Amino acid sequence: MPQLSEHVHDLEAILAQFISSSEQGMADTRLNIDRLSARIDQLVKMSEEDKQLINQYMQEGELQRQEMNKRWGELANKMGTLVEDIASPGLEGLLVRDFGLDPEVFMRRIRRKSSLGKPGRREFDVVAVSDRFFFLCEVKANPSMEHAQRFVALAKSGVVQEYFPEFSNRSL
């Protein structure tokens, strides 16, 4: 029976080596899992930081966009005012030179309340009044056909007389 005992001894040695190898493999696997888990935690943390950074950039971008829109609005207002300043003296000259009228009243950028008690005020770019006529001029930095059509509709609507009832006896 010495052969059987040698085989058992060989099997025990092989089994011990297998167990040792398996334990080492499991230890390596645990170590790799721990490293992977730490890396995943690091990536999750970086992802959260990236989200915060992206949100911060988006908020800053929104603030910059709002500021830029505000500045564009201010620039557009300045441009409109500049165009009004250029156009209004020409209107007065046009009335005198081309129509032979001497305006009694000449107003630029006038804001009036409605005589009918409507809330708010309405702004008119240039108003000129002669003994028989009431002139209304709307100045646009970028005029369009739509602007002209709205202006004609305003003139025909009778709304202008609500704001200047004292001149309602004059032709518009």
As an exercise: evaluate V83 against (1) in contact with a strand residue (DSSP E or B) (Cβ under 7 Å, 6 or more places away or on another chain); (2) surrounded by 16 or more Cβ atoms within 10 Å (Cβ to Cβ); (3) not in a loop (DSSP other than H, G, I, E, B) and give the number of the one condition it does not meet. (1)
Checking V139 against (1) exposed (fewer than 15 other Cβ atoms within 10 Å of the Cβ); (2) under 38 Å from the mean Cα position of the chain (by Cα), only one condition comes out false. Which one? (1)
Every residue from region 106-121 that is surrounded by 11 or more Cβ atoms within 10 Å (Cβ to Cβ) and not aliphatic (A, V, I, L, M): F106, R108, R109, R112, K113, S114, S115, K118, R121
What is the one condition in (1) touching a helix residue (DSSP H, G or I) at 6+ places or on another chain (Cβ under 6 Å); (2) at pLDDT 85 or above; (3) closer than 19 Å to D85 by Cα that K140 does not satisfy? (2)
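The values are calculated or read from the model by the stated rules, or taken from the named source; none is laboratory data. The model shown is predicted, which means the values in this text are computed figures rather than measured ones. Glycine gets a Cβ as well: all are built from the backbone with ideal geometry, and neighbour counts include every protein chain shown.
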